[in-house]
Amino acid sequence: MKVEFYRHNISSSDIQRANHTLRSLFLTTGAEVANFERAFSKYLGIEHAIGVTSCTASLHLALTAFGIRKGDEVITTPLSFVATAHAIEYVGARPVFVDVENNTGNIDATKIEHAITRKTRAIIPVHLYGQLCDMLTIRKIANKHRLVIIEDAAHAIEARRNNYRSGSLGDAACFSFYATKNITSGEGGMIVVHSQEKANLLKKLRNTGLSITAADRYTKMYRHYDVDLLGWKYNMDNIRASLLIGQLKHIDRLLKRREQISQYYDRIFNGIIDRPSITSSSRPARHLYTIWVDSEKRDAILRSLQKKGIGVAVNFRPIHLFQYYRNKYGYRPGDFPVAEHIGASTISIPLYPKLTQSEMRYITRAVLLVARDISKNSHGFRDIRKVSKS
Ligand SMILES: *Cc1c(COP(=O)(O)O)cnc(C)c1O
């Protein structure tokens, strides 16, 4: 059997809508992007949404719009996709990592204040696997120290916790429509903000700093434009927006299906295979389902699963141990022990609405078999709890 790691949910009506756009005159940022932005902003209940080409671009623009620059420090987690830290590098600031919670993998809010210096300007929490960080605590810290919060919500469009959602408590939140994300246009991203002023600035920043858009130039009488700031070419196009509009309408139905699949995995793995836990106040977006196995045997387990035809991934190996960050900042193994342990232990298994019951059964059987064969005499993931107490 072959079970892909991910299969998208682009439907024939999404394709029809994109087809319609392709047959129209206007392919770049225009009415379809505005339609999608309106729908996205309405879905989250946040005033402004700005469509861009990726979540990486959206993090870069959000940092720029909030004035983060050379000499500043930005606090974030080492347990994320490398783009989270790269975006901080793009603006010339320094990423300052804070270790993660041993039960969720999210940034440990209780450790953030130790990392704040006179240079700290912002925090980028990442809602790992779709579970929101402890944003109530992070908001309090940000208010006390006058820091900007930019949420990396690439996994978390649908997430809820207590009374908040992605973007509710941050100054900005950044989303991804990359090929394996919950809704996708192959590549794509979105920034949401509460402030009209920042929204206007972000619209300019995504469009090379031009004071008028291509749509304005096309629909109105010719005017010269001016450029008063350095923007980037990060604008979302109408083709991608038309693929995403329909997917957003079904996003909660698709979440329900991933929730059922996650619960099926949970029932079978309970007491046998360790996993991140879900905080009681949390309704995660269920973006990824990861298991935590013995770090010594992780790669062998990963390969065995692949040999059985099961698509797997590692989300994530910690950012501070990549060459670039080691060379630049001198990070070493042991600097963020919890993130390192999770990074060495984690395997993501397939989680998407198109999974069939027999594929799910095949996956769980394979995981149990492989983990039992390989992990004989091992103490599995339980040593993580010791790591974080020391
Ligand atoms: C996918 C991802 C990104 C980057 O998204 P792109 O749209 O590919 O730029 C950023 N952060 C996290 C946590 C991600 O998983």
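We did not get these values from a lab; they are worked out from the coordinates using the rules stated. Source: prediction; values computed, not measured. Don't worry about glycine lacking a Cβ; one is built from the backbone with ideal geometry, like all the others, and counts go over all protein chains shown.
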Selected from Asp108, Asp373, Asp152 as most flexible by GNM, with the chain as the system and alpha-carbon contacts under 10 Å: Asp373
Choice from Phe269, Phe336, Phe175 with maximal GNM fluctuation in the chain (Cα, 10 Å cutoff): Phe269
Spread of Cα-to-Cα distances over 10 Å intervals beginning at zero, given as percent, for the chain: 5, 23, 31, 25, 12, 3, 1, 0
³J(HN,Hα) computed for each position of segment 237-249 - Karplus, 6.51 cos²θ - 1.76 cosθ + 1.60, integer Hz, glycine/proline x: 9, 4, 5, 5, 4, 6, 6, 8, 4, x, 4, 5, 4
Relative contact order of the chain, defined on C-alpha pairs under 8 angstrom at six or more residues apart (%): 23
Calculated FRET value between Ala179 and Asn200, using beta carbons and R₀ = 30 Å, to 0.05: 0.45
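At a Förster radius of 30 Å, what calculated FRET efficiency corresponds to the Cβ-Cβ distance of Tyr264 and Ser13, to the nearest 0.05?
0.60
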Nitroxide proxy distance, nm - points 7 Å out along Cα→Cβ at Thr117 and Glu89: 1.9
Long-range tail of P(r) for segment 181-284 (Cα pairs > 17 Å, %): 71
Among 250-256, 63-69, the order from most to least packed when residues are scored by Cβ within 10 Å on average: 63-69, 250-256
Efficiency of FRET between His250 and Asn327 - r from beta-carbon atoms, R0 30 angstrom, step 0.05: 0.10
Charge-dipole axis of segment 1-60 as Lys and Arg at +1 and Asp and Glu at -1 on Cβ define it, positive-most pick from Ala57, Ala31, Ile46: Ala31
Within a Gaussian network of the chain (alpha carbon springs, distance under 10 Å), most fluctuating of Arg206, Arg223, Arg160: Arg223
19 Å Cα-Cα threshold exceeded, pairs from Lys42/Lys144; Lys111/Lys297; Lys2/Lys308; Lys111/Lys140; Lys198/Lys249; Lys70/Lys119: Lys42/Lys144; Lys111/Lys297; Lys198/Lys249
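Given 25 °C and 0.890 mPa s, compute D for segment 47-187 with the Stokes-Einstein relation, Rh being the Kirkwood radius over Cα pairs; round to the nearest whole µm²/s.
D, rounded to a whole number, is 166 µm²/s.
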Cα centroid separation, segment 133-199 to segment 200-269 (Å): 14
